[in-house]
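Heads up: the structure comes next, in structure tokens.
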Amino acid sequence: MSTVTPAIVVLCGGPSTEREVSLVSGQAVAHALQQEYTVELIALQDKALPDHLQPQEVIIFPAMHGAFGEDGELQGLLEERRFVYVGSDARASALCMNKAATKAVVRGATGFQVGKERVFTAADKPQAADIVAEIGEAVVFKPIDSGSSVGLEFATGMRSIATVLSQLAGSDWMVEARVSGREMTIGLLRGEAMGLVEIVPTGGVYDYQHKYTQGATEYRVPAAVSAAVMADIEAWAEQAFKLCGCRDFARVDFILDSEHRAHFLEINTLPGLTPTSLFPKSASDRGYDFHRLLRAMVDPALARFKRHIQL
């Protein structure tokens, strides 16, 4: 039996709009793992893997966010070159990057409430009146395949919706009803739910600026909910994880309304690992410090590597 101990190669950066956050995540991951493993940190510039990496020598930890890193494209390249890597596979990554496709899988199959959405392109936008008739007057616009807090646009009423529509650019968008309630997220490690986190941003909107600015948001861990609601959320999140074919870890975001119904938003297969990130906060409620959490995130890939090199 081989006694090869793989190095951990942390990939970060990349060409997406979330490159800067990915660089911070990558540095944090590499620093934590260096306590136990031989680690190489690589900041990617484009959509390519470094030629010097050998699949029989390393495990890849993609600390990537946004396009290429989180949408299954990188995972597909890794699979083609037979690398063992941390996190969900190419199929699950691609699915969960598409908010509408994820909702379609989860809809009707878990205890989450899953609201109606409309998908469109910036080149073929619906009329404001059609959105009001189909979705309602209070809505949120989202890029269909960007990070959970990237590019959000809120609108209430026909005129406001028309204004937002006139400003949308890019490619694929979705619009869905804006649910009033408490913003929540829960991390999953090896498919098991961890601590429930309530997100309380100053100003009421958890956008990109609030997400990555120290002190701009209060995080309540564990969130103050009843034991019954907590148990339901944990079960629903675990079921959503399985339905979408996720692997190793993920994070589920939702809104908890005034009647304690959880409205599903999305699944993040590569959650942020910066000092203000939600996934480590969720893990902390289960007793994980950052180093122990990273080790637990890598362990399943280590087991896959051992099986892989024996083939």
Select from the range 169-191 the residues that are part of a loop (DSSP other than H, G, I, E, B) and not hydrophobic (A, V, I, L, M, F, W, C) and write down the one among them that is surrounded by the most Cβ atoms within 10 Å (Cβ to Cβ). 178
Can you find even one residue in the range 44-61 that is acidic (Asp, Glu), touching a residue at least 60 places away in the same chain (Cβ under 8 Å) and not assigned by TED's automatic domain parsing to the domain that holds residue 191? no
Return only the number of the condition from (1) of a type in the set (D, E, K, R); (2) surrounded by fewer than 16 Cβ atoms within 10 Å (Cβ to Cβ); (3) modelled with pLDDT of 95 or more that residue 116 does not satisfy. (3)
Every listed condition ((1) among the small types (Gly, Ala, Ser); (2) in contact with a helix residue (DSSP H, G or I) (Cβ under 6 Å, 6 or more places away or on another chain); (3) part of a helix (DSSP H, G or I)) holds for residue 166 save (2)
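In the list 113, 45, which residue meets the criterion of being polar (S, T, N, Q) and in contact with a His (Cβ under 8 Å, 6 or more places away or on another chain)?
The unique qualifying residue is 113.
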Which listed residue is in contact (Cβ under 8 Å) with a residue 40 or more places away in the chain and in contact with a Cys (Cβ under 6 Å, 6 or more places away or on another chain), from 84, 114, 105, 179: 105
Selection over the range 33-46 where residues are modelled with pLDDT of 95 or more and either surrounded by 22 or more Cβ atoms within 10 Å (Cβ to Cβ) or within 17 Å of residue 69 (Cα to Cα) (or both) yields a count of 4
Positions within the range 64-91 being among the small types (Gly, Ala, Ser) and crowded, with 23+ Cβ neighbours inside 10 Å, in sequence order: 69, 87, 88
Please work out which one of (1) surrounded by fewer than 23 Cβ atoms within 10 Å (Cβ to Cβ); (2) within 21 Å of residue 16 (Cα to Cα); (3) outside the structural domain of residue 250 (by TED's automatic domain parsing) is the condition residue 127 fails and give its number. (2)
When you go through 114, 86 one by one, which is the residue that is within 19 Å of the chain's Cα centre (by Cα) and under 29 Å from residue 56 (Cα atoms)? 86
Looking only at the range 259-311, count how many residues are β-branched (Val, Ile, Thr), more than 30 Å from residue 174 (Cβ to Cβ) and at pLDDT 95 or above. 1
Does residue 107 meet the test of being out of contact with any His (no Cβ under 9 Å at 6 or more places or on another chain) and over 21 Å from residue 167 (Cα atoms)? yes
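The values are calculated or read from the model by the stated rules, or taken from the named source; none is laboratory data. Owing to the predicted nature of the structure, the values given are computational and were not obtained by experimental measurement. As a convention, Cβ positions derive from the backbone with ideal geometry for all residues, glycine included, and neighbour counts pool all protein chains shown.
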